[in-house]
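Report on one structure; see the data block that follows.
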Amino acid sequence: MSPSDTEQAEAGPTDPLADFAADVAAVVGGSGTASFGTVKVTVTADTWVDSISTARDRFGLVFFSWLSAVDWSNEVAVGDPLGEETAERYEVLCTLGDLSEGRRVTFSTDIDKDDAHIATLSSVFPGADWHEREAHDMFGIVFDGHPGLEPLYLPDGFAGHPLRKDYPLLSREVKPWPGKVDVEAMPEKDEDADPGAPSTENPGA
Amino acid sequence: MTSTDQDLVRHLSEVSVSVELETEDMTLNIGPQHPSTHGVLRLLAKVDGERCFDVRPVIGYMHRGYEKLAEVRTYAQITALINRIDWVSGYANEVPFMVAAEKLMELEVPERAQYIRLILSEMARISSHLVFMASYPLELGAATPLFFALRERERVLDLLESVTGGRFHPNFNRIGGVKPAAGAGSTQRKTVQDLPAGFFAETREAMDRVDGAVDQLEDLVAGNEIVLARTRGIGVLPPEVAAAYGVSGPNLRASGVRFDLRKVEHYLPYDRFDFTVPVGANGDCWDRWWVRLAEIRQSASIIRQAIDGIPSGPLQAKVPKVIKVPAGETYVRAENPKGEMGYHVVSDGGQGPYRLKIRSASFSNISILPWILEGALVPDIIAVMGSLDFVLGDVDR
Amino acid sequence: MSGLLDNFWVLLAGKVLIIATLIPVAGMVIGFAEMKLSAKMQNRVGPYFAGGRWGWAQLIADGEKFFQKEDIIPEEADAPVFKLAPMLVFVGTVALFVVIPFGPGLSIRNLDVGIFYALAVSSISTIGVLVAGWSSANKYSLMGGLRAAGQLIAYELPLVLATVGVVVMAGTMSLEGIVQAQAGWFGELGWTAGFPFIIPQFVGFVIFMTAALAELSRIPFDMPIAESELVMGYVTEYTGFRFLFFFLAEFANMFTMGALAATMFLGGYWVPGLSADVLRVAGPIILSVKIFALVFLMIWFRWTFPRFREDQLQSLAWKWLIPLSLVNIVATGIVKVVF
């Protein structure tokens with residue numbers, strides 16, 4: 001499957017996804033890109049609720065798919081750090097879809113890590129309730145105006161926010177992971193043989 | 001009326017209302033160990049006689065931290081983990097993640113591999129829906145359909161096992177295609193084995209048996225007056241509410257929305273096959289049962305068409321030994337048996353994702369429980385919960 | 001020998017012995033039949049290992065297992081009442097055996113008010129169920145007990161009204177008398193031609209069987225023990241021997257309800273063409289065959305249907321069965337007077 005890319009072909013057909021991204025971005029007042037089949041529209045945090053409800057009304061994006069966040073950090077307690085330096089922030093993502101043609105948009109906004117607040121979407125989409133509770137549990141983001149931001153997943157009395165990059169994995173603290181060196185190398189094989197080719201013409205028949 | 005008279009009237013009406021509400025209601029704790037909750041789900045319900053108010057689900061008993069784990073795994077290792085999210089339809093969980101990684105790498109997956117993925121995904125759908133056919137009448141009190149449904153499911157699971165080596169957790173996908181079938185792993189001789197001999201004939205027979213079982217189930221359950229009395233008009237879900245909560249899959253289609261991700265998201269070559277999308281009329285428990293029954297038939301038909309038209313060719317695109325996925329992010333979603341399952345992969349060029357967000361169908365499906373169970377009778381809680389067909393692994397990840 | 005049998009006490013001891021053996025045996029046979037029949041309906045084999053390849057000893061093994069279990073009484077439970085409840089349920093069943101005629105003159109005691117006594121005494125089980133639910137100090141048991149009480153009381157009426165039609169046709173309440181009325185309907189022909197009351201009283205038969213299923217708390221009426229909802233309903237807190245009482249009482253009750261239905265509607269121990277002397281020997285066998293046919297019907301329903309919801313169950317009783325049975329009585333009366 002060939003992905004749609006952001007570059008406009010010289011004299012080729014226009015990319016429908018990129019056009020759609022531009023339309024949505026124009027309406028909500030943000031910037032939009034279409035890469036790898038996903039339309040992403042970035043807005044500012046104070047227009048978060050308005051952009052999303054406008055997009056829902058204008059483009060029929062009535063299906064609430066999910067809401068979550070990404071912790072962009074340069075120092076990580078577990079896993080690999082980023083290749084290049086990036087601004088430290090939480091990026092809140094929300095995906096909406098329509099129920100006719102299957103178009104979908106992922107809205108994104110950046111919020112500060114030290115004072116992680118953003119308005120709640122539960123008045124626009126009731127389904128956002130649980131997703132925001134999960135984001136609060138995992139990242140510590142406070143959703144202003146949420147009806148009841150109680151823990152959803154974590155047991156009572158759990159300290160910390162697990163999906164933050166500075167939250168360690170207990171198993172790795174106890175025993176350091178040997179790294180990816182324990183993955184066994186593929187055995188030597190013929191250079192001619194195609195790795196995926198079957199040995200008979202139409203096996204399984 | 002003077003203002004004091006008005007105040008008096010208002011005060012009196014408030015007094016009478018509060019006296020009425022003085023009856024004690026019982027807080028009923030359904031679960032976490034309970035025969036009907038499909039796993040460790042806890043419902044806190046305030047019950048007045050037989051009616052419930054203020055139902056609150058408590059989840060998280062099965063939270064395994066997939067998203068955190070994914071940050072310290074390679075893409076191949078994650079495949080082994082994610083088929084355990086919705087363990088009833090094991091294979092279907094892997095596909096959207098693979099497609100996401102392949103999109104970021106801009107890989108072209110060979111046709112044969114795509115067909116095999118499609119066949120196994122549809123088998124996973126049949127398996128999951130047959131479990132629903134078995135367990136839902138059991139919750140209503142009818143014990144017999146369970147045996148009919150599970151017997152045919154065993155055939156499908158045997159087929160899955162013959163191809164992938166596992167009944168529930170196949171771990172069969174590889175980046176760029178599928179694994180050469182059971183028997184040709186890295187520790188064995190490199191005779192690449194494709195689908196086992198006789199697979200097509202056995203699958204055709206199994207699909208015939210599945211169709212037969214579906215007809216039997218329809219006779220046994222669909223015409224039954226008591227089943228209709230227990231499920232018609234119960235737990236009605238209007239389509240707008242469903243969409244706003246993110247309810248997807250057969251639950252959404254039962255409410256009348258003709259929307260199937262297999263037709264609009266091109267993650268597998270479904271556009272080559274002829275199948276209809278069954279849609280319900282009212283959005284009650286009966287429609288949710290009926291839509292799944294119809295979907296089993298459609299899946300059997302898709303599998304037959306796929307087997308007839310499967311092309312020969314390689315099973316996996318050429319990929320380097322150590323797989324690094326270039327930087328980028330994408331969200332790929334698929335029509336899983338339970339609903340929309342998607343993976344949002346944020347990659348920064350490493351061997352594992354920087355962030356993996358798993359959008360699981362059952363999480364959104366049961367977020368509707370407080371809304372739909374408001375004012376319901378206690379036996380109806382069971383009927384409605386069962387009809388939503390969720391799995392706790394899918395809810396809690 | 002007959003002199004010995006004239007002695008009241010010997011006779012009494014013999015009768016008690018008969019009941020004491022008959023009830024567990026009937027319970028076990030029916031329980032075993034249920035296991036094997038349900039297995040057949042579900043493509044399974046059923047009990048297989050206990051007692052050769054047929055598994056006939058399964059229920060004996062189950063009974064033994066229950067005997068040796070620990071007797072747990074919840075701390076918050078009302079102990080004397082908790083212990084009394086299973087006995088109350090069992091008494092309702094045992095007392096019914098007394099009036100069933102197994103052959104001409106072969107009932108433990110042929111009461112003139114036979115059917116009246118039978119129905120009255122079977123309602124004692126209702127108290128037992130309610131008391132079991134309440135004394136268990138468990139919310140689920142309480143809900144099960146309340147549901148059961150509502151259900152059992154609601155279905156007493158159709159049960160009783162359905163039998164009124166039979167009583168009107170037979171002209172007597174004694175069960176022996178009812179059988180004889182069916183056998184000798186065409187008086188001149190003796191017992192070679194008569195007809196079972198199911199033919200004119202088919203509606204009454206259907207109502208009786210439905211109400212009997214509800215009295216037994218079997219699916220489709222097993223809301224009180226709705227396994228998938230209330231764990232085990234009012235029986236949740238009972239273990240070991242006490243649970244065995246409930247378990248056995250259910251199967252024994254199936255036998256007695258089947259016996260009542262067979263006696264009133266199917267002609268009991270009588271089959272056209274056999275004389276009274278033959279029937280003294282063959283009567284029990286004939287009655288057992290008829291009972292078994294009805295029990296088969298009950299087992300079949302149990303494994304085919306899901307369960308009714310409580311309010312649907314109640315509306316079925318009050319809105320449908322009771323009016324129907326009243327119409328049945330009126331029609332029977334009119335026919336009896338006119339013809």
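Computed values, structure above
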read-out: Residue within region C:277-291 that is of a type in the set (A, V, I, L, M) and closer than 14 Å to residue C:221 by Cβ present; value: no
read-out: Members of region B:135-152 that are closer than 14 Å to residue B:227 by Cα and either more than 7 Å from chain C (Cβ to nearest Cβ) or in a helix (DSSP H, G or I) (or both); value: B:135, B:136, B:137, B:138, B:139, B:140, B:145
read-out: Residue B:383 being of a type in the set (Gly, Ala, Ser) and assigned to a strand (DSSP E or B); value: no
read-out: Positions within region B:345-360 being part of a strand (DSSP E or B), at the interface with chain A (Cβ under 7 Å from one of its Cβ atoms) and not basic (Lys, Arg), in sequence order; value: B:346
read-out: Extreme residue, surrounded by the most Cβ atoms within 10 Å (Cβ to Cβ), among residues of region B:57-78 that are more than 7 Å from chain A (Cβ to nearest Cβ) and among the charged types (D, E, K, R); value: B:73
read-out: Qualifying residue in region B:329-338 (condition: part of a loop (DSSP other than H, G, I, E, B), modelled with pLDDT of 85 or more, of a type outside the set (S, T, N, Q) and under 21 Å from residue B:83 (Cα atoms)); value: yes
read-out: Near pairs, Cβ below 9 angstrom, 6+ apart or cross-chain, from region B:242-266 (without any contact (Cβ under 8 Å) to a residue 60 or more places away in the chain and more than 9 Å from every other protein chain (Cβ to nearest Cβ)) to any residue that is in a helix (DSSP H, G or I) and of a type in the set (Phe, Trp, Tyr); value: B:254/B:286; B:254/B:289; B:254/B:290
read-out: Within region A:48-81, considering residues that are β-branched (Val, Ile, Thr) and without any contact (Cβ under 8 Å) to a residue 40 or more places away in the chain, the one surrounded by the fewest Cβ atoms within 10 Å (Cβ to Cβ); value: A:54
read-out: Of all residues in region C:149-172 being surrounded by fewer than 20 Cβ atoms within 10 Å (Cβ to Cβ) and free of Cβ contacts under 8 Å to residues at least 40 places away in the same chain, the one that is farthest from residue C:205 (Cα to Cα); value: C:149
read-out: Residue C:99 being in a helix (DSSP H, G or I), over 30 Å from residue B:216 (Cβ atoms) and at pLDDT 85 or above; value: no
read-out: Residue match in region B:230-239 (condition: under 19 Å from residue A:101 (Cα atoms) and either within 14 Å of chain A (Cβ to nearest Cβ) or not in a helix (DSSP H, G or I) (or both)); value: yes
read-out: Segments classed as helices (runs of 4 or more DSSP H), wholly inside region B:34-127, with at least 2 members that are among the charged types (D, E, K, R); value: B:66-70, B:90-105
read-out: Segments classed as helices (runs of 4 or more DSSP H), wholly inside region C:240-336, with at least 3 members that are of a type in the set (A, V, I, L, M, F, W, C) and at negative phi; value: C:240-265, C:276-304
read-out: Condition check for residue A:149: at the interface with chain B (Cβ under 10 Å from one of its Cβ atoms) and in contact with a Phe, Trp or Tyr (Cβ under 7 Å, 6 or more places away or on another chain); value: no
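So that you can scan it fast, the table gives a plain yes or no per residue for (1) within 16 Å of residue B:134 (Cα to Cα); (2) more than 11 Å from every other protein chain (Cβ to nearest Cβ); (3) at pLDDT 70 or above:
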{"site": "B:181", "(1), (2), (3)": "no, no, no"}
{"site": "B:195", "(1), (2), (3)": "no, no, yes"}
{"site": "B:198", "(1), (2), (3)": "no, no, yes"}
{"site": "B:203", "(1), (2), (3)": "no, no, yes"}
{"site": "B:210", "(1), (2), (3)": "yes, yes, yes"}
{"site": "B:215", "(1), (2), (3)": "yes, yes, yes"}
{"site": "B:220", "(1), (2), (3)": "yes, no, yes"}
{"site": "B:226", "(1), (2), (3)": "no, no, yes"}
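The values are calculated or read from the model by the stated rules, or taken from the named source; none is laboratory data. From a predicted model like this one, the values you see are computed outputs, not experimental measurements. Backbone-built Cβ (ideal geometry, glycine too); neighbour counts: all protein chains shown.
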